[in-house]
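Written below as C-alpha coordinates is the structure these notes are about.
The values are calculated or read from the model by the stated rules, or taken from the named source; none is laboratory data. The structure presented is a predicted model; accordingly, all values stated were derived computationally and were not measured. Ideal geometry is used to build each Cβ from the backbone, glycine not excepted, and the neighbour counts take in all protein chains shown.
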(Lines give C-alpha, C1' and ligand atoms only; values in the text may rest on other atoms or scores of the structure.)
Protein backbone atom coordinates (compact mmCIF):
# COMPACT_ATOMS: atom_id res chain seq x y z
CA UNK A 1 0.00 0.00 0.00
CA UNK A 2 1.38 3.40 -0.96
CA UNK A 3 1.91 5.77 1.99
CA UNK A 4 -0.60 8.31 0.71
CA UNK A 5 -2.99 6.06 -1.18
CA UNK A 6 -6.69 6.81 -1.26
CA UNK A 7 -7.40 3.56 0.58
CA UNK A 8 -5.23 4.63 3.50
CA UNK A 9 -6.73 8.12 3.61
CA UNK A 10 -10.22 6.63 3.56
CA UNK A 11 -9.32 4.26 6.38
CA UNK A 12 -7.98 7.13 8.51
CA UNK A 13 -11.01 9.38 7.97
CA UNK A 14 -13.52 6.63 8.77
CA UNK A 15 -11.59 5.42 11.84
CA UNK A 16 -11.21 9.01 13.08
CA UNK A 17 -14.93 9.69 12.66
CA UNK A 18 -16.00 6.51 14.46
CA UNK A 19 -13.64 7.18 17.36
CA UNK A 20 -14.61 10.82 17.85
CA UNK A 21 -18.28 9.84 17.76
CA UNK A 22 -17.59 7.15 20.37
CA UNK A 23 -15.83 9.71 22.58
CA UNK A 24 -18.82 12.07 22.64
CA UNK A 25 -18.19 14.63 19.88
CA UNK A 26 -21.41 16.36 18.81
CA UNK A 27 -22.61 15.75 15.24
CA UNK A 28 -22.21 19.28 13.86
CA UNK A 29 -18.72 19.70 15.35
CA UNK A 30 -17.67 16.25 14.18
CA UNK A 31 -18.93 16.85 10.64
CA UNK A 32 -16.99 20.12 10.45
CA UNK A 33 -13.89 18.43 11.85
CA UNK A 34 -14.04 15.58 9.35
CA UNK A 35 -14.45 18.07 6.51
CA UNK A 36 -11.30 19.87 7.69
CA UNK A 37 -9.36 16.59 7.89
CA UNK A 38 -10.59 15.54 4.43
CA UNK A 39 -9.46 18.86 3.02
CA UNK A 40 -6.07 18.38 4.68
CA UNK A 41 -5.74 14.95 3.03
CA UNK A 42 -7.04 16.34 -0.30
CA UNK A 43 -10.06 14.05 -0.35
CA UNK A 44 -13.50 15.23 -1.48
CA UNK A 45 -15.94 14.01 1.15
CA UNK A 46 -19.41 14.44 2.59
CA UNK A 47 -20.76 13.24 5.94
CA UNK A 48 -24.17 12.67 7.53
CA UNK A 49 -23.94 11.86 11.23
CA UNK A 50 -26.59 11.10 13.83
CA UNK A 51 -26.33 9.71 17.39
CA UNK A 52 -26.92 6.16 16.06
CA UNK A 53 -25.60 6.13 12.48
CA UNK A 54 -22.73 7.46 10.39
CA UNK A 55 -22.60 7.91 6.62
CA UNK A 56 -19.33 8.69 4.80
CA UNK A 57 -19.16 9.51 1.08
CA UNK A 58 -15.57 9.79 -0.22
CA UNK A 59 -14.57 10.54 -3.81
CA UNK A 60 -11.58 8.74 -5.33
CA UNK A 61 -10.03 10.82 -8.13
CA UNK A 62 -7.99 7.81 -9.33
CA UNK A 63 -10.97 5.82 -10.58
CA UNK A 64 -13.47 8.74 -10.37
CA UNK A 65 -15.88 6.83 -8.14
CA UNK A 66 -17.66 7.59 -4.90
CA UNK A 67 -17.09 5.22 -1.98
CA UNK A 68 -19.92 5.01 0.55
CA UNK A 69 -19.55 3.72 4.09
CA UNK A 70 -22.60 3.41 6.38
CA UNK A 71 -22.39 2.07 9.92
CA UNK A 72 -24.83 1.67 12.81
CA UNK A 73 -23.31 2.94 16.07
CA UNK A 74 -24.38 3.41 19.68
CA UNK A 75 -24.61 6.94 21.12
CA UNK A 76 -21.17 8.00 22.34
CA UNK A 77 -20.12 8.54 25.94
CA UNK A 78 -18.08 11.60 26.87
CA UNK A 79 -14.37 10.79 27.16
CA UNK A 80 -12.47 14.08 27.09
CA UNK A 81 -9.02 12.52 27.44
CA UNK A 82 -9.51 10.31 24.37
CA UNK A 83 -11.11 13.22 22.48
CA UNK A 84 -8.09 15.40 23.23
CA UNK A 85 -5.55 12.72 22.30
CA UNK A 86 -7.36 12.02 19.03
CA UNK A 87 -7.26 15.72 18.21
CA UNK A 88 -3.52 15.71 18.92
CA UNK A 89 -3.05 13.01 16.26
CA UNK A 90 -4.71 15.22 13.65
CA UNK A 91 -2.56 18.19 14.68
CA UNK A 92 0.60 16.07 14.43
CA UNK A 93 -0.45 14.79 11.02
CA UNK A 94 -1.12 18.34 9.80
CA UNK A 95 2.27 19.58 11.05
CA UNK A 96 4.15 16.65 9.49
CA UNK A 97 5.20 15.11 12.82
CA UNK A 98 3.44 11.85 11.90
CA UNK A 99 2.90 10.00 8.67
CA UNK A 100 -0.55 8.72 7.78
CA UNK A 101 0.35 5.14 8.73
CA UNK A 102 1.74 6.31 12.08
CA UNK A 103 -1.43 8.31 12.72
CA UNK A 104 -3.61 5.26 12.07
CA UNK A 105 -1.52 3.21 14.47
CA UNK A 106 -1.78 5.96 17.09
CA UNK A 107 -5.59 5.94 16.80
CA UNK A 108 -5.59 2.24 17.65
CA UNK A 109 -3.45 2.91 20.73
CA UNK A 110 -5.80 5.66 21.95
CA UNK A 111 -8.84 3.40 21.66
CA UNK A 112 -7.16 0.79 23.87
CA UNK A 113 -5.76 3.27 26.42
CA UNK A 114 -7.41 2.96 29.87
CA UNK A 115 -9.01 5.81 31.82
CA UNK A 116 -6.53 8.19 33.50
CA UNK A 117 -8.46 7.76 36.76
CA UNK A 118 -8.73 4.69 38.96
CA UNK A 119 -11.98 2.99 39.91
CA UNK A 120 -11.67 4.44 43.43
CA UNK A 121 -11.39 8.01 42.11
CA UNK A 122 -14.37 7.48 39.81
CA UNK A 123 -16.32 6.06 42.76
CA UNK A 124 -15.52 9.22 44.76
CA UNK A 125 -16.42 11.38 41.75
CA UNK A 126 -19.92 9.90 41.47
CA UNK A 127 -20.59 10.46 45.17
CA UNK A 128 -19.14 13.97 45.12
CA UNK A 129 -21.26 14.99 42.13
CA UNK A 130 -24.47 14.05 43.97
CA UNK A 131 -23.46 15.89 47.13
CA UNK A 132 -22.29 18.94 45.18
CA UNK A 133 -25.58 19.21 43.31
CA UNK A 134 -27.56 19.03 46.57
CA UNK A 135 -25.30 21.76 47.91
CA UNK A 136 -26.01 23.92 44.85
CA UNK A 137 -29.75 23.53 45.53
CA UNK A 138 -29.28 25.23 48.95
CA UNK A 139 -30.75 22.34 50.87
CA UNK A 140 -29.65 20.93 54.25
CA UNK A 141 -26.35 19.28 55.14
CA UNK A 142 -28.32 16.09 55.80
CA UNK A 143 -29.48 16.07 52.17
CA UNK A 144 -25.91 16.69 51.01
CA UNK A 145 -24.61 13.75 53.04
CA UNK A 146 -27.24 11.26 51.92
CA UNK A 147 -27.02 12.41 48.29
CA UNK A 148 -23.31 11.62 48.42
CA UNK A 149 -23.94 8.16 49.90
CA UNK A 150 -26.53 7.30 47.27
CA UNK A 151 -24.20 8.62 44.56
CA UNK A 152 -21.79 5.88 45.63
CA UNK A 153 -24.61 3.34 45.22
CA UNK A 154 -25.26 4.61 41.69
CA UNK A 155 -21.62 4.03 40.78
CA UNK A 156 -21.85 0.43 41.98
CA UNK A 157 -24.78 -0.03 39.60
CA UNK A 158 -22.68 1.49 36.80
CA UNK A 159 -19.94 -1.05 37.53
CA UNK A 160 -22.54 -3.83 37.41
CA UNK A 161 -23.83 -2.56 34.06
CA UNK A 162 -20.34 -2.93 32.57
CA UNK A 163 -20.55 -6.67 33.23
CA UNK A 164 -24.21 -7.24 32.28
CA UNK A 165 -25.90 -6.10 29.06
CA UNK A 166 -29.33 -6.47 30.70
CA UNK A 167 -28.40 -4.08 33.50
CA UNK A 168 -26.78 -1.70 31.01
CA UNK A 169 -30.05 -1.46 29.02
CA UNK A 170 -32.04 -0.57 32.16
CA UNK A 171 -29.39 1.37 34.06
CA UNK A 172 -31.22 4.72 34.30
CA UNK A 173 -34.60 3.50 35.62
CA UNK A 174 -32.89 0.88 37.80
CA UNK A 175 -30.71 3.56 39.40
CA UNK A 176 -33.79 5.67 40.11
CA UNK A 177 -35.70 2.73 41.61
CA UNK A 178 -32.83 1.66 43.88
CA UNK A 179 -32.01 5.18 45.10
CA UNK A 180 -35.71 5.96 45.65
CA UNK A 181 -36.23 2.81 47.75
CA UNK A 182 -33.11 3.61 49.78
CA UNK A 183 -34.11 7.28 50.18
CA UNK A 184 -37.52 6.17 51.44
CA UNK A 185 -35.79 3.95 54.02
CA UNK A 186 -33.44 6.77 55.04
CA UNK A 187 -36.41 8.97 55.97
CA UNK A 188 -37.13 6.54 58.82
CA UNK A 189 -33.77 7.26 60.45
CA UNK A 190 -33.41 10.86 59.24
CA UNK A 191 -36.87 12.40 58.70
CA UNK A 192 -35.32 15.80 57.97
CA UNK A 193 -34.25 14.88 54.43
CA UNK A 194 -36.03 15.99 51.28
CA UNK A 195 -36.31 12.51 49.72
CA UNK A 196 -37.22 13.59 46.13
CA UNK A 197 -34.29 16.04 46.09
CA UNK A 198 -31.90 13.41 47.45
CA UNK A 199 -33.02 11.02 44.69
CA UNK A 200 -32.53 13.70 42.03
CA UNK A 201 -29.09 14.59 43.37
CA UNK A 202 -27.90 10.98 43.50
CA UNK A 203 -28.84 10.34 39.84
CA UNK A 204 -27.74 13.77 38.59
CA UNK A 205 -25.06 12.15 36.39
CA UNK A 206 -27.87 10.63 34.31
CA UNK A 207 -30.04 13.77 34.03
CA UNK A 208 -29.77 14.62 30.30
CA UNK A 209 -29.58 18.40 30.57
CA UNK A 210 -26.34 18.47 28.58
CA UNK A 211 -27.85 16.24 25.86
CA UNK A 212 -30.87 18.54 25.59
CA UNK A 213 -28.58 21.57 25.25
CA UNK A 214 -26.38 19.96 22.57
CA UNK A 215 -29.48 18.74 20.75
CA UNK A 216 -30.84 22.27 20.61
CA UNK A 217 -27.42 23.53 19.52
CA UNK A 218 -27.44 21.05 16.64
CA UNK A 219 -30.91 22.22 15.61
CA UNK A 220 -29.62 25.80 15.69
CA UNK A 221 -26.76 24.70 13.40
CA UNK A 222 -29.44 23.21 11.06
CA UNK A 223 -28.34 19.64 11.78
CA UNK A 224 -31.99 18.69 12.07
CA UNK A 225 -31.83 14.89 12.09
CA UNK A 226 -29.13 14.61 14.75
CA UNK A 227 -30.59 17.42 16.88
CA UNK A 228 -34.08 15.94 16.86
CA UNK A 229 -32.79 12.45 17.63
CA UNK A 230 -30.69 13.71 20.55
CA UNK A 231 -33.59 15.67 22.06
CA UNK A 232 -35.96 12.71 21.79
CA UNK A 233 -33.37 10.38 23.34
CA UNK A 234 -32.82 12.83 26.21
CA UNK A 235 -36.57 13.12 26.73
CA UNK A 236 -36.94 9.35 26.99
CA UNK A 237 -34.06 9.16 29.48
CA UNK A 238 -35.80 11.82 31.59
CA UNK A 239 -39.06 9.85 31.53
CA UNK A 240 -37.27 6.63 32.53
CA UNK A 241 -35.52 8.36 35.42
CA UNK A 242 -38.71 9.94 36.70
CA UNK A 243 -40.73 6.73 36.37
CA UNK A 244 -38.06 4.84 38.30
CA UNK A 245 -38.11 7.43 41.08
CA UNK A 246 -41.91 7.32 41.41
CA UNK A 247 -41.94 3.51 41.39
CA UNK A 248 -39.13 3.31 43.93
CA UNK A 249 -40.79 5.74 46.34
CA UNK A 250 -44.09 3.88 46.03
CA UNK A 251 -42.41 0.53 46.76
CA UNK A 252 -40.55 2.07 49.70
CA UNK A 253 -43.75 3.47 51.18
CA UNK A 254 -45.41 0.06 50.85
CA UNK A 255 -42.47 -1.70 52.51
CA UNK A 256 -41.98 0.54 55.54
CA UNK A 257 -44.45 3.38 55.38
CA UNK A 258 -43.74 7.09 55.48
CA UNK A 259 -42.18 9.28 58.13
CA UNK A 260 -43.32 12.76 59.14
CA UNK A 261 -40.81 15.23 57.75
CA UNK A 262 -39.11 17.66 60.11
CA UNK A 263 -37.37 20.87 59.10
CA UNK A 264 -33.57 21.12 58.97
CA UNK A 265 -31.24 24.11 58.77
CA UNK A 266 -30.30 25.15 55.24
CA UNK A 267 -26.71 25.38 54.06
CA UNK A 268 -25.16 28.92 54.02
CA UNK A 269 -25.01 30.93 50.79
CA UNK A 270 -21.22 30.74 50.52
CA UNK A 271 -21.48 26.96 50.14
CA UNK A 272 -22.49 27.47 46.49
CA UNK A 273 -18.86 28.23 45.61
CA UNK A 274 -17.73 25.10 47.41
CA UNK A 275 -20.38 23.16 45.47
CA UNK A 276 -19.12 24.53 42.13
CA UNK A 277 -15.58 23.47 42.99
CA UNK A 278 -16.59 19.96 44.05
CA UNK A 279 -18.91 19.50 41.08
CA UNK A 280 -16.29 20.73 38.60
CA UNK A 281 -13.64 18.49 40.15
CA UNK A 282 -15.94 15.46 40.00
CA UNK A 283 -16.73 16.22 36.34
CA UNK A 284 -13.02 16.13 35.53
CA UNK A 285 -13.06 12.51 36.72
CA UNK A 286 -16.48 11.47 35.36
CA UNK A 287 -15.73 12.96 31.91
CA UNK A 288 -12.21 11.44 31.90
CA UNK A 289 -10.49 14.78 31.28
CA UNK A 290 -6.71 14.63 31.04
CA UNK A 291 -5.00 15.57 34.35
CA UNK A 292 -3.17 18.44 32.64
CA UNK A 293 -6.56 19.93 31.68
CA UNK A 294 -8.10 19.50 35.15
CA UNK A 295 -7.35 23.07 36.29
CA UNK A 296 -8.87 24.57 33.13
CA UNK A 297 -11.98 22.43 33.51
CA UNK A 298 -12.50 23.51 37.13
CA UNK A 299 -11.91 27.14 36.13
CA UNK A 300 -14.58 26.71 33.45
CA UNK A 301 -17.15 25.83 36.12
CA UNK A 302 -16.30 28.92 38.15
CA UNK A 303 -16.45 31.19 35.08
CA UNK A 304 -19.86 29.82 34.11
CA UNK A 305 -21.29 30.18 37.61
CA UNK A 306 -19.77 33.60 38.35
CA UNK A 307 -20.84 35.11 35.01
CA UNK A 308 -24.41 33.80 35.27
CA UNK A 309 -24.69 34.86 38.92
CA UNK A 310 -23.45 38.38 38.20
CA UNK A 311 -25.66 38.83 35.13
CA UNK A 312 -28.64 37.32 36.93
CA UNK A 313 -28.72 40.31 39.31
CA UNK A 314 -29.47 42.62 36.37
CA UNK A 315 -31.12 40.42 33.73
CA UNK A 316 -32.83 37.77 35.80
CA UNK A 317 -31.78 34.19 36.43
CA UNK A 318 -32.82 32.81 33.04
CA UNK A 319 -31.09 35.47 30.92
CA UNK A 320 -28.11 35.29 33.25
CA UNK A 321 -27.52 31.86 31.74
CA UNK A 322 -27.01 33.60 28.36
CA UNK A 323 -24.10 35.59 29.78
CA UNK A 324 -22.74 32.46 31.45
CA UNK A 325 -22.86 30.51 28.17
CA UNK A 326 -21.32 33.44 26.27
CA UNK A 327 -18.46 33.60 28.79
CA UNK A 328 -17.92 29.83 28.52
CA UNK A 329 -17.94 30.03 24.71
CA UNK A 330 -15.27 32.77 24.70
CA UNK A 331 -13.22 30.96 27.34
CA UNK A 332 -13.33 27.61 25.53
CA UNK A 333 -12.32 29.19 22.22
CA UNK A 334 -9.37 30.91 23.93
CA UNK A 335 -8.49 27.60 25.56
CA UNK A 336 -8.45 25.87 22.17
CA UNK A 337 -6.33 28.66 20.69
CA UNK A 338 -3.61 28.80 23.36
CA UNK A 339 -3.65 25.35 25.00
CA UNK A 340 -3.94 23.57 21.63
CA UNK A 341 -6.78 21.26 22.70
CA UNK A 342 -10.45 20.92 21.64
CA UNK A 343 -12.73 23.65 22.99
CA UNK A 344 -15.15 20.89 23.98
CA UNK A 345 -12.77 19.81 26.77
CA UNK A 346 -13.66 22.81 28.95
CA UNK A 347 -16.95 23.86 27.35
CA UNK A 348 -18.82 20.75 28.50
CA UNK A 349 -17.62 21.11 32.09
CA UNK A 350 -18.77 24.73 32.23
CA UNK A 351 -22.12 24.01 30.61
CA UNK A 352 -23.00 21.33 33.16
CA UNK A 353 -23.04 24.04 35.85
CA UNK A 354 -25.56 26.01 33.77
CA UNK A 355 -27.82 23.44 32.08
CA UNK A 356 -31.27 23.20 33.67
CA UNK A 357 -31.76 19.46 33.24
CA UNK A 358 -32.70 19.14 36.91
CA UNK A 359 -35.38 21.80 36.40
CA UNK A 360 -36.99 19.64 33.70
CA UNK A 361 -37.15 16.79 36.22
CA UNK A 362 -38.54 19.12 38.91
CA UNK A 363 -41.10 20.53 36.48
CA UNK A 364 -42.14 17.03 35.45
CA UNK A 365 -42.71 16.18 39.10
CA UNK A 366 -44.74 19.34 39.69
CA UNK A 367 -46.88 18.68 36.60
CA UNK A 368 -47.66 15.05 37.54
CA UNK A 369 -47.90 15.15 41.34
CA UNK A 370 -48.73 18.81 41.91
CA UNK A 371 -45.91 19.10 44.48
CA UNK A 372 -42.55 20.80 44.13
CA UNK A 373 -39.21 19.23 45.07
CA UNK A 374 -37.87 22.72 45.71
CA UNK A 375 -39.69 26.04 45.74
CA UNK A 376 -39.34 27.53 42.25
CA UNK A 377 -41.73 29.86 40.44
CA UNK A 378 -42.64 29.48 36.75
CA UNK A 379 -40.28 26.55 36.37
CA UNK A 380 -41.57 25.50 32.95
CA UNK A 381 -41.12 28.83 31.17
CA UNK A 382 -37.91 29.50 33.09
CA UNK A 383 -36.37 26.19 32.02
CA UNK A 384 -37.26 26.78 28.36
CA UNK A 385 -35.76 30.27 28.46
CA UNK A 386 -32.55 28.97 30.06
CA UNK A 387 -32.10 26.38 27.31
CA UNK A 388 -32.60 29.04 24.63
CA UNK A 389 -30.20 31.36 26.46
CA UNK A 390 -27.49 28.71 26.56
CA UNK A 391 -27.76 27.98 22.85
CA UNK A 392 -27.77 31.70 21.96
CA UNK A 393 -24.82 32.38 24.25
CA UNK A 394 -22.69 29.73 22.55
CA UNK A 395 -23.66 30.96 19.07
CA UNK A 396 -22.79 34.59 19.84
CA UNK A 397 -19.52 33.53 21.48
CA UNK A 398 -18.45 31.82 18.25
CA UNK A 399 -19.33 34.99 16.35
CA UNK A 400 -17.37 37.20 18.75
CA UNK A 401 -14.32 34.91 18.75
CA UNK A 402 -14.06 32.35 15.98
CA UNK A 403 -12.99 28.93 17.24
CA UNK A 404 -9.59 27.84 15.97
CA UNK A 405 -10.43 24.14 16.20
CA UNK A 406 -13.57 22.56 14.73
CA UNK A 407 -13.77 20.35 17.82
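Of all residues in region 326-343 being modelled with pLDDT under 90 and buried (at least 24 other Cβ atoms within 10 Å of the Cβ), which is nearest to residue 271 (Cα to Cα)?
343
Tell me the residue from 98, 106 that is over 22 Å from residue 248 (Cβ atoms), part of a loop (DSSP other than H, G, I, E, B), touching a helix residue (DSSP H, G or I) at 6+ places or on another chain (Cβ under 6 Å) and not assigned by TED's automatic domain parsing to the domain that holds residue 194, please.
Working: 106 fails: part of a loop (DSSP other than H, G, I, E, B).
Criteria check complete, one pass: 98.
Taking residue 93 and the conditions (1) closer than 21 Å to residue 24 by Cα; (2) in a helix (DSSP H, G or I); (3) in contact (Cβ under 8 Å) with a residue 40 or more places away in the chain, which numbered condition does it fall short on, given that it satisfies the others?
Here residue 93 meets the rest and fails (1).
Quick grid of which residues meet (1) surrounded by fewer than 14 Cβ atoms within 10 Å (Cβ to Cβ); (2) modelled with pLDDT of 85 or more; (3) in contact with a strand residue (DSSP E or B) (Cβ under 6 Å, 6 or more places away or on another chain):
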| residue | (1), (2), (3) |
| --- | --- |
| 62 | yes, no, no |
| 68 | yes, yes, yes |
| 77 | yes, yes, no |
| 88 | no, yes, no |
| 100 | no, yes, no |
| 110 | no, yes, no |
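Out of the residues in region 372-407 that are at pLDDT below 55 and more than 24 Å from the chain's Cα centre (by Cα), which is farthest from residue 329 (Cα to Cα)?
By that ranking, first place goes to 372.
Yes/no per residue for (1) surrounded by 15 or more Cβ atoms within 10 Å (Cβ to Cβ); (2) in contact with a helix residue (DSSP H, G or I) (Cβ under 6 Å, 6 or more places away or on another chain); (3) outside the structural domain of residue 337 (by TED's automatic domain parsing); (4) at pLDDT below 90:
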site: 260; (1), (2), (3), (4): no, no, yes, yes
site: 265; (1), (2), (3), (4): no, no, yes, yes
site: 276; (1), (2), (3), (4): yes, yes, yes, no
site: 282; (1), (2), (3), (4): yes, yes, yes, no
site: 296; (1), (2), (3), (4): yes, yes, no, no
site: 301; (1), (2), (3), (4): yes, yes, no, no
site: 309; (1), (2), (3), (4): yes, no, no, yes
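Yes or no: region 22-32 includes at least one residue that is in a helix (DSSP H, G or I) and over 17 Å from residue 405 (Cα atoms).
So in region 22-32, the residues in a helix (DSSP H, G or I) come out as 22, 27-32.
Subsequent filtering for residues that are over 17 Å from residue 405 (Cα atoms) retains 22.
So far as region 22-32 goes, yes, one or more of its residues are in a helix (DSSP H, G or I) and over 17 Å from residue 405 (Cα atoms).
Which of (1) in contact (Cβ under 8 Å) with a residue 24 or more places away in the chain; (2) within 26 Å of the chain's Cα centre (by Cα) is the odd one out, the single condition residue 255 does not satisfy?
The single condition residue 255 does not satisfy is (2).
Can you pull out the residues in region 14-30 that are surrounded by fewer than 21 Cβ atoms within 10 Å (Cβ to Cβ) and touching a strand residue (DSSP E or B) at 6+ places or on another chain (Cβ under 9 Å)? Even if it seems obvious, please write down each step before you answer.
Our first condition is that a residue be surrounded by fewer than 21 Cβ atoms within 10 Å (Cβ to Cβ); within region 14-30, this holds for 14-15, 18, 22, 28.
Within region 14-30, 14, 18, 28 meet the criteria.
Residues being in a helix (DSSP H, G or I) and within 30 Å of residue 140 (Cα to Cα): count how many of those fall in region 180-232.
Here is the first cut: in region 180-232, the ones in a helix (DSSP H, G or I) are 180-189, 195-202, 209-220, 224-232.
Checking which are within 30 Å of residue 140 (Cα to Cα) leaves us with 180-189, 195-202, 209-213.
Total meeting the criteria: 23.
Among the candidates 49, 41, 58, which residue alone is over 28 Å from residue 332 (Cβ atoms) and either touching a helix residue (DSSP H, G or I) at 6+ places or on another chain (Cβ under 7 Å) or exposed (fewer than 12 other Cβ atoms within 10 Å of the Cβ) (or both)?
From the options 49, 41, 58, the qualifying one is 58.
Kindly indicate which of 153, 178, 158, 198 is crowded, with 24+ Cβ neighbours inside 10 Å and either touching a residue at least 12 places away in the same chain (Cβ under 8 Å) or farther than 22 Å from residue 252 by Cα (or both).
Working: 153 fails: crowded, with 24+ Cβ neighbours inside 10 Å; 178 fails: crowded, with 24+ Cβ neighbours inside 10 Å; 158 fails: crowded, with 24+ Cβ neighbours inside 10 Å.
Criteria check complete, one pass: 198.
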